[in-house]
Amino acid sequence: MNDVAFLSSLRSVVGDAGLLTVEAEMAGYAIDWRKLFPGKPLAVVRPKTSLEVAAVVKACRAAGVTIVPQSGNTGMAGGAAPDDSGRQIVLSLSRMNTIRTVDPVGLTIEVEAGVVLAVAKQAAAEKGRFLPVSFAAEGSAMVGGVISTNAGGINVLRYGMTRTMVLGIEVVLADGTLVNGLRRLRKDNAGYDWKQLFIGSEGTLGIITAAVLRLTPQPRHATTAFVAVESPEAALALLDKAQTEIGEALSAFELISGPSIGLVEQFAGLKCPIAHADWFVLMEATSTLPGLKHAAQTLLEGAFEDCLALDGVVAESEAQTRQLWSLRENITESEARSGKSVKHDISVPLTAIPAFVAEADAALQAATPGVKLNVFGHLGDGNLHFNVLVSAEHDAGLVNRTVHDLVARYGGSISAEHGIGQYRVNELQRTRSAEELALMRQIKSALDPESGLNPGKVLPKGGSAA
Ligand code: FAD
Ligand code: MLT
Ligand code: ZN
C-alpha cells in the first residue's frame, strides 16, 4: 500500500480532525520536551474512541507502519518520540479525554487514556477523594502515559507507584484486538493479572485506552516542613525519626541539594526561605484527622535537639505550603534552562544512599573533572535524580556509565521511575543480566511479534526475538 492509500485509510477511521500530516502541525508531537530526540512522523493520528485506536492499529499493521503511542509527551526518556525514518505514526491519545465515572464510595475513577492527570485529580477532589499520583508535570501528563511509565512522584512513600492505583485497564494489542479489563475490583485473582505487563511497558506491548484507578480518602490536614540538614546521612536519620514518630501520615520526604536550590533561585526567581545549606529536606504529612501540626512540630524540635536539623520552617498557610513545594517543583525546568545535563533516575537500597552520593561524586570528579551536580529526589523511596550538569568538554556517555556502574555495584536500578524509553536502551542492556534481558525479549515477542509498537524503545530495535 502506498502512503496516499494508507493515509486515506487512516482518515476514514479518524476523520480529518484526527489526522495531521503537515510538518508544522506535527512539530509538537515529533520531538520530546527536552529536545533530545527529534523525529519525523509520517502522520500524527488522534483517535476519539478505543474502537478507532483498534482500527488504526490494524491499518498500520497491514501497511507495515510502526506506532509510537503518545499521551502528554512529558516523558523523561524519549519513549513517546518517533524516529526520523518517516515510517512511523505517532498515535496521540489526547482526544480521548472523557472522565467516565467517579465513585466516591467505591473509591474509584474511570477515565480515558488522554485525561490529563491534574484533571483526573481535580474530578476526584470534587467528590472529596484523592488520586495520589503527584508530580510536577501533572498538568500535562495524561493517564495513559502515567500508567505506561508506571510514574512515581512525591507520594510513593505513602501510596506506592502508579501500579498500585490501577484496578483495571482497557488495552489495544499489537494486532488490533481490543481487550476490556475495566474492572473496579479490589480483589481479583482470576487467572493471570495481565494488566501488570502493560503498566510501565512504555507503549511497547499495547496501547492503553482507558483505566480504572483506585482513589483514597482526601486528606483534610497537611503539614509541610522545609529543613536544612548537614548531609544525606542526617536526612536519612531524620527520615527514620519521622517514620517512628508520624508513621503512615508521612506522605512525602524529598531530598534537595544546595545547588538545586541555587538553580531555582537563579532560573525560576524563587527564594530559599531559610539560610543556605548543603542539603535540605522537604517533607509533608497528611491526614484526614487533625493534630498533625503538633506532631510535626514535636518531630522537628526533637530533630533540632539531636542536631539532625540545622534550620527549618513549617508552612503556616496554604500559600506558604505552595511556596515550599514550588522550590521542589521548579528544579527540573531550572536545570533545563541552565544548559546541558545528563539525567540519572537511580534507586539504591535506602540505607546506601549516603554512601552512594559520596562515592558517585568522587567517581565523577575523577572521571570527568569539573562537572557540577544537581542532586534531588525522592529520598523516602531510595530514588535520586543524580543529574550532572556538563559542558562541551565533558563526555556525557562517560558520565552516564560512571554513575550507572556504581548503581549496579550497589544493587540498584538505572531507572527508578522515568523508564527506559530510547534514552536508556543501551544502559539497560549493560546493567541487567542476560537472563533478565532474555525474559524481557520473550515478553515483547509474545505480545508484539512483529515489533509494530514503539520499536527501539526499552529494548533495542530488532531485539524482540527470544
Ligand atoms: P508520554 O511522555 O506521552 O509517554 C511516555 C511513554 O508512555 C512513552 O513510551 C509512550 O510511548 C508511552 N505511552 C503514552 N501513552 C500511552 C498509552 N496510552 N498506551 C501505551 N503507551 C503509552 N515522572 C515520574 O515518574 N516522577 C516524577 O516525579 C516526574 N516528574 C516530572 C517533572 C517534570 C517537570 C517533567 C517534565 C516530567 C516528570 N516526570 C516524572 C516524567 C513524566 O511526566 C512521566 O513519566 C509521565 O508519567 C509521562 O506521562 P505522559 O502522558 O507525558 O506520557
Ligand atoms: C522530579 O522528581 O521532579 C523529576 O522526576 C525529576 C527530573 O527532572 O529528573
Ligand atoms: Zn522524580
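The values are calculated or read from the model by the stated rules, or taken from the named source; none is laboratory data. None of the values given here were measured: they were computed from a predicted structure. Note that each Cβ is placed from the backbone with ideal geometry, even for glycine, and that neighbours are counted across all protein chains shown. Note: accessible area is taken over every heavy atom of the protein model, side chains too, but ligands, DNA and RNA are not part of it. Shrake-Rupley method; radii C 1.70, N 1.55, O 1.52, S 1.80 Å.
Scanning segment 29-83 for residues that are more than 13 Å from ligand 1 (Cβ to nearest atom), basic (Lys, Arg) and either without any contact (Cβ under 8 Å) to a residue 60 or more places away in the chain or in a loop (DSSP other than H, G, I, E, B) (or both) yields Lys40, Lys48. Of all the residues in segment 81-115, those that are touching a Gly at 6+ places or on another chain (Cβ under 7 Å) and open to solvent by 20 Å² or more (accessible area, probe 1.4 Å) number 6. Please enumerate the residues belonging to segment 323-374 that are among the β-branched types (Val, Ile, Thr) and touching a strand residue (DSSP E or B) at 6+ places or on another chain (Cβ under 9 Å). Within segment 323-374, Ile331, Thr332, Val342, Ile346, Val348, Ile353, Val357, Thr368, Val371 qualify.
Return yes or no: is Val390 away from ligand 1 (no atom under 16 Å from the Cβ) and under 25 Å from Glu202 (Cβ atoms)? Before the answer, list the steps.
Details: away from ligand 1 (no atom under 16 Å from the Cβ): yes; under 25 Å from Glu202 (Cβ atoms): no.
Taking the combined requirement at face value, the residue does not satisfy it.
Matching residues to (1) within 11 Å of the chain's Cα centre (by Cα); (2) within 15 Å of ligand 3 (Cβ to nearest atom):
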{"residue": "Ala123", "(1), (2)": "no, no"}
{"residue": "Val133", "(1), (2)": "yes, yes"}
{"residue": "Glu138", "(1), (2)": "yes, yes"}
{"residue": "Ala151", "(1), (2)": "yes, yes"}
{"residue": "Ile154", "(1), (2)": "yes, yes"}
{"residue": "Leu157", "(1), (2)": "no, yes"}
{"residue": "Val166", "(1), (2)": "no, no"}
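A Cβ distance below 7 Å, combined with a sequence gap of six or more or placement on separate chains, defines the contacts here; from segment 3-20, residues that are of a type outside the set (D, E, K, R) reach residues that are assigned to a loop (DSSP other than H, G, I, E, B) and open to solvent by less than 30 Å² (accessible area, probe 1.4 Å) in the pairs Phe6/Val65; Val14/Pro47; Gly18/Pro47. For segment 266-292, enumerate the residues that are buried (at least 16 other Cβ atoms within 10 Å of the Cβ) and not in a loop (DSSP other than H, G, I, E, B). The answer is Phe267, Trp279, Phe280, Val281, Leu282, Met283, Glu284, Ala285, Thr286, Ser287, Leu292.
Taking the criterion of being part of a loop (DSSP other than H, G, I, E, B) and of a type in the set (Lys, Arg), no residue of segment 1-28 qualifies.
Hey, could you check segment 343-363 for residues that are in contact with a Gly (Cβ under 9 Å, 6 or more places away or on another chain) and either assigned to a strand (DSSP E or B) or of a type in the set (A, V, I, L, M, F, W, C) (or both) and say which is surrounded by the fewest Cβ atoms within 10 Å (Cβ to Cβ)?
Of all residues in segment 343-363, those in contact with a Gly (Cβ under 9 Å, 6 or more places away or on another chain) come to 345-353, 356.
Checking the rest, the ones that are also either assigned to a strand (DSSP E or B) or of a type in the set (A, V, I, L, M, F, W, C) (or both) come to 345-348, 350, 352-353, 356.
Values: Asp345: 23, Ile346: 23, Ser347: 24, Val348: 24, Leu350: 14, Ala352: 17, Ile353: 25, Phe356: 23.
Step by step, filter segment 343-363, then rank; the result is Leu350.
Among the residues making up segment 121-147, those that are touching a Ser or Thr at 6+ places or on another chain (Cβ under 9 Å), away from ligand 2 (no atom under 15 Å from the Cβ) and open to solvent by 20 Å² or more (accessible area, probe 1.4 Å) are Lys121, Arg129, Phe130, Met142. Say we look at segment 213-222 and pick out the residues that are out of contact with any Phe, Trp or Tyr (no Cβ under 8 Å at 6 or more places or on another chain) and surrounded by fewer than 24 Cβ atoms within 10 Å (Cβ to Cβ); which of these is nearest to Val146 (Cα to Cα)? If we take residues in segment 213-222 being out of contact with any Phe, Trp or Tyr (no Cβ under 8 Å at 6 or more places or on another chain) and surrounded by fewer than 24 Cβ atoms within 10 Å (Cβ to Cβ), then Arg214 is nearest to Val146 (Cα to Cα).
Which members of segment 161-194 meet the condition of being under 30 Å from Glu284 (Cβ atoms) and more than 16 Å from ligand 2 (Cβ to nearest atom)?
Of all residues in segment 161-194, those under 30 Å from Glu284 (Cβ atoms) come to 161-169, 184, 186.
Of everything in segment 161-194, those that are under 30 Å from Glu284 (Cβ atoms) and more than 16 Å from ligand 2 (Cβ to nearest atom) turn out to be Arg163, Thr164, Met165, Val166, Leu167, Gly168, Ile169, Arg184, Arg186.
On inspection, Gly191 does not qualify as at pLDDT 95 or above, of a type outside the set (Val, Ile, Thr) and either crowded, with 19+ Cβ neighbours inside 10 Å or under 30 Å from Gly64 (Cβ atoms) (or both).
Take the residues in segment 405-444 that are among the polar types (S, T, N, Q) and within 16 Å of ligand 1 (Cβ to nearest atom); name whichever of them is farthest from Leu379 (Cα to Cα).
Let us first name the residues in segment 405-444 that are among the polar types (S, T, N, Q), namely 413, 415, 422, 426, 429, 431, 433, 442.
Now drop any that are not within 16 Å of ligand 1 (Cβ to nearest atom), which leaves 413, 415, 422.
On the way: Ser413: 14, Ser415: 15, Gln422: 26 Å.
It comes out as Gln422.
Criterion applied to Ser231, Ser201 was being of a type outside the set (D, E, K, R), modelled with pLDDT of 95 or more and surrounded by fewer than 17 Cβ atoms within 10 Å (Cβ to Cβ), and the one residue passing it is Ser231.
Kindly list, by first and then second residue, each pair from a residue in segment 382-402 that is at positive phi and aliphatic (A, V, I, L, M) to a residue that is within 16 Å of ligand 1 (Cβ to nearest atom) and assigned to a strand (DSSP E or B), limited to pairs with Cβ atoms under 7 Å and residues at least 6 apart or on different chains. Partner pairs satisfying both residue conditions: none exist. For segment 313-342, filtering for residues that are in contact (Cβ under 8 Å) with a residue 60 or more places away in the chain, open to solvent by 10 Å² or more (accessible area, probe 1.4 Å) and of a type in the set (D, E, K, R) leaves 4.
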